[in-house]
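What follows is a set of notes on a single structure, which appears directly below.
The values are calculated or read from the model by the stated rules, or taken from the named source; none is laboratory data. Keep in mind it's a predicted model, so treat the numbers as computed, not measured. Note that each Cβ is placed from the backbone with ideal geometry, even for glycine, and that neighbours are counted across all protein chains shown.
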Amino acid sequence: MPIKKLKEKLKKHFHGVQKTKKSPNQIALGFAIGTLISILPTPGINVLLGILIVILFKKVNKYSLFIAMGLWNFLTLPPIYYLSYELGDYIFESYLVTRFNISYLTVISNYIIRYIIGNVILAIIITPISYILTIIIVKKFYQKKKTKV
């Protein structure tokens, strides 16, 4: 997708979020939660988690939550997944986390543990950053809109 089309789509979606009359905090919170759900390894249930959160917590902006989930699509997640494993591997180095009598189970288990630990660490780092960036962007957008009126 060309950058110009992506920019137009994001602008259109951002205007939709803005029309919901939510505070910058609610919009940023929705985006951060959508980011967290998308980054954590929740394949197949991430949309259900998003719907459940929107139903349970009315203050979370549903549009920004699902926009975040859409932005963290399959094009951006492979680098995150790779980095997750590398981070977990760096933490555990050559230490065998688990050992099974069947060697391939040991390899799979150690890979999964390294991946999940690294992924959780990245999610903990990226989620608040997405919140901060979103709240800054929304506040600037609201301020820009006020000066036009």
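Quick one: is TYR90 exposed (fewer than 14 other Cβ atoms within 10 Å of the Cβ), modelled with pLDDT of 85 or more, under 27 Å from the mean Cα position of the chain (by Cα) and not hydrophobic (A, V, I, L, M, F, W, C)? Yes, satisfied. I'd like to check something: does the stretch 5-20 contain any residue that is modelled with pLDDT of 70 or more, surrounded by fewer than 21 Cβ atoms within 10 Å (Cβ to Cβ) and more than 15 Å from the chain's Cα centre (by Cα)? Among the residues of the stretch 5-20, at least one is modelled with pLDDT of 70 or more, surrounded by fewer than 21 Cβ atoms within 10 Å (Cβ to Cβ) and more than 15 Å from the chain's Cα centre (by Cα), which makes the answer yes.
Of all residue pairs spaced 6 or more apart or on separate chains, those with beta-carbon atoms under 7 Å, a first member in the stretch 51-66 that is within 9 Å of ILE27 (Cβ to Cβ) and buried (at least 17 other Cβ atoms within 10 Å of the Cβ) and a second member that is of a type in the set (Phe, Trp, Tyr) and modelled with pLDDT of 90 or more are SER64/PHE31. Within the stretch 108-134, residues that are free of Cβ contacts under 8 Å to residues at least 40 places away in the same chain and buried (at least 16 other Cβ atoms within 10 Å of the Cβ) sit with their Cβ atoms under 7 Å from residues that are among the polar types (S, T, N, Q) and in a helix (DSSP H, G or I), at 6+ positions apart or across chains, in these pairs: GLY118/SER84. When ILE80 is tested against the conditions (1) closer than 29 Å to VAL107 by Cβ; (2) modelled with pLDDT under 75, the lone failure is (2).
For the stretch 95-142, the candidate set comprises residues that are among the hydroxyl-bearing types (Ser, Thr, Tyr) and at pLDDT below 80; within that set, the residue that is farthest from SER84 (Cα to Cα) is SER103.
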